[in-house]
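Down below is the structure, laid out as structure tokens.
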Amino acid sequence: MRFDTAYFDRAMDRRNTECEKWDDRSIMAEDGIPLWVADMDFPCAPAIVNAIQSRAEHPCYGYTIDNPENENALIGFWQRRHGLTIAPGQTQMLPCVITGLKTCVRAFTKEGEGVAIVTPVYGPFYSSSELNRRKVMSVSLLRDEETGRYALDLDAMEAALQNGAKLMMLCSPHNPVSRLWSEEELTALCRLAERYDVPIVCDEIHADFVYKPGRFVSILNIPEGRRRAVMLCSASKTFNVAGLQQAALVCMNLAMLKAVRQEMAAAGVACGNTFALLAARAAYTESDDWLDGLIDYLDGSRKLVYDLMAQYAPKARVSPIEATYLAWADMRAYRLTCEQLKEKCKAAGVAFTMGTFFGKEGESFLRINFACPRAQLTEGIKRLGKALEEE
Ligand SMILES: Cc1ncc(COP(=O)(O)O)c(C=O)c1O
């Protein structure tokens, strides 16, 4: 099968499949265009479908063992795609990345202690601390107002550490601002963590969505990171199988890994979803051609986002999309709050994730998920244009 433009251009009806993105009527009407929650409107790789179908044919779905081939598949993928060497035993399977964020908060900090997070960021970075009664210490990214590009504020991070943050959390590449962190930036952050002796949790779920000439660098490829970081990853985002719930954590510091495992055991978090494990293995071992085709397609769609936004929302400013399939649009020139944007978009039949989901810095911003057929993306942004028309 060829995973070319024609393949990814094909529309797929996901309505009435209990699909969060399409079937949540509080977000949009049945004929709405959803450019919000971060999954993709593409079929997943055929090897994944085959793995699930052949297992489903056996009618008994009892307890499962975690075959060592699952870990080998993950290790092989990260070596092949990102040049990261992971040894057997340095990984831990998880139900999902959010479980990993929360488990790490519990394993590395105590109640009342501070967790430094780089914001605006994916909402569960906040709730991982809040729900566990830790203090969120928000370190805002620096925004270049000319270009819309963001940078890490190392001074502010150092101030948070001086003020008692006991854990650093980073999203890399960054959701929602689409930044690909460079080796230099990651090294500087890791050195700060080392100086203040705090662990780092790095969510690398978007690692595979990187556009040329960018090159993804894992925190575990940084020497200081190998000593003190937990990396979270998942086939769910890359291969569009989030509904199956399967992720992993990688850590080269065995004492830290032990602490995470103890916390998982205490909470009764286990990972043994038969279909999810098989799907992840098929994704990691047999689906590179699908993934290569997908990245080429998304690269074209990323350029289309800039063009469509210039045409239909000319006052918006889209941050440079270095990674992820998410575009971060500054809508402040329209003088609308996220609440107002949400209502207007709903009325126009399109849904985006509102910037405030990512923190206070996101007021009057919105995030566009462009992982869908280009005709759908075009219609969605046209509807945004309609939503922005003056009454
Ligand atoms: C940065 C980030 N982390 C985690 C997740 C969720 O991952 P999971 O479904 O494995 O919990 C997402 C999904 O959008 C995400 O963008």
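The values are calculated or read from the model by the stated rules, or taken from the named source; none is laboratory data. This is a predicted model, so every value here is computed, not measured. Counting neighbours? That spans all protein chains shown, and the Cβs are built from the backbone with ideal geometry, glycine included. When the accessible area is computed, the model is the full protein with side chains, heavy atoms only, and any ligands, DNA or RNA have been set aside. Shrake-Rupley method; radii C 1.70, N 1.55, O 1.52, S 1.80 Å.
Have a look at R332, R317, R281 and point out the one that is surrounded by fewer than 16 Cβ atoms within 10 Å (Cβ to Cβ), more than 15 Å from M40 (Cβ to Cβ) and of a type outside the set (F, W, Y).
Answer to the check: R332.
Could you check how many residues of the range 108-137 are open to solvent by less than 50 Å² (accessible area, probe 1.4 Å), closer than 28 Å to G148 by Cα and touching a strand residue (DSSP E or B) at 6+ places or on another chain (Cβ under 7 Å)?
The number of residues fulfilling the criteria is 10.
Of the residues that sit in the range 4-25 and are within 23 Å of N50 (Cβ to Cβ) and open to solvent by less than 30 Å² (accessible area, probe 1.4 Å), which one is nearest to the ligand (Cβ to nearest atom)?
Ranking the candidates gives C19 first.
Could you check the range 188-256 for strands (runs of 3 or more DSSP E) lying wholly inside it with 2 or more residues that are within 16 Å of the ligand (Cβ to nearest atom) and closer than 12 Å to S172 by Cβ?
So the answer is 200-203, 229-233.
Output the residues belonging to the range 251-278 that are surrounded by fewer than 15 Cβ atoms within 10 Å (Cβ to Cβ) and at negative phi. Walk me through it before giving the result.
The first filter runs over the range 251-278 and keeps only residues surrounded by fewer than 15 Cβ atoms within 10 Å (Cβ to Cβ), leaving 254-255, 258, 262, 265-268, 270, 272.
Within the range 251-278, L254, A255, K258, Q262, A265, A266, A267, A270, G272 meet the criteria.
Please work out which one of (1) at pLDDT below 95; (2) open to solvent by 30 Å² or more (accessible area, probe 1.4 Å) is the condition M28 fails and give its number.
M28 satisfies every listed condition except (2).
Let's see how each residue does on (1) assigned by TED's automatic domain parsing to the domain that holds F216; (2) over 20 Å from the mean Cα position of the chain (by Cα); (3) over 21 Å from E361 (Cβ atoms):
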site	(1), (2), (3)
G89	yes, yes, yes
G100	yes, no, yes
R106	yes, yes, yes
I117	yes, no, no
S128	yes, no, no
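Which ones in the range 343-371 are among the aromatic types (F, W, Y) and part of a helix (DSSP H, G or I)?
Of everything in the range 343-371, those that are among the aromatic types (F, W, Y) and part of a helix (DSSP H, G or I) turn out to be F357, F358.
Among the residues of the range 55-106, write down those that are part of a helix (DSSP H, G or I) and farther than 26 Å from E263 by Cα.
Scanning the range 55-106 gives R55, A56, E57, G76, F77, Q79, R80, R81, H82.
Quick test for you: out of A247, A255, pick the one residue that is out of contact with any Asp or Glu (no Cβ under 8 Å at 6 or more places or on another chain), free of Cβ contacts under 8 Å to residues at least 24 places away in the same chain and among the hydrophobic types (A, V, I, L, M, F, W, C).
A255 is the lone residue from the list that is out of contact with any Asp or Glu (no Cβ under 8 Å at 6 or more places or on another chain), free of Cβ contacts under 8 Å to residues at least 24 places away in the same chain and among the hydrophobic types (A, V, I, L, M, F, W, C).
Select from the range 76-124 the residues that are free of Cβ contacts under 8 Å to residues at least 60 places away in the same chain, away from the ligand (no atom under 16 Å from the Cβ), closer than 20 Å to M264 by Cβ and of a type in the set (V, I, T) and list them in ascending order.
Hit for the range 76-124 is T109, nothing else.
Would you mention how many residues in the range 138-158 are open to solvent by less than 40 Å² (accessible area, probe 1.4 Å) and without any contact (Cβ under 8 Å) to a residue 40 or more places away in the chain?
Final tally of qualifying residues: 5.
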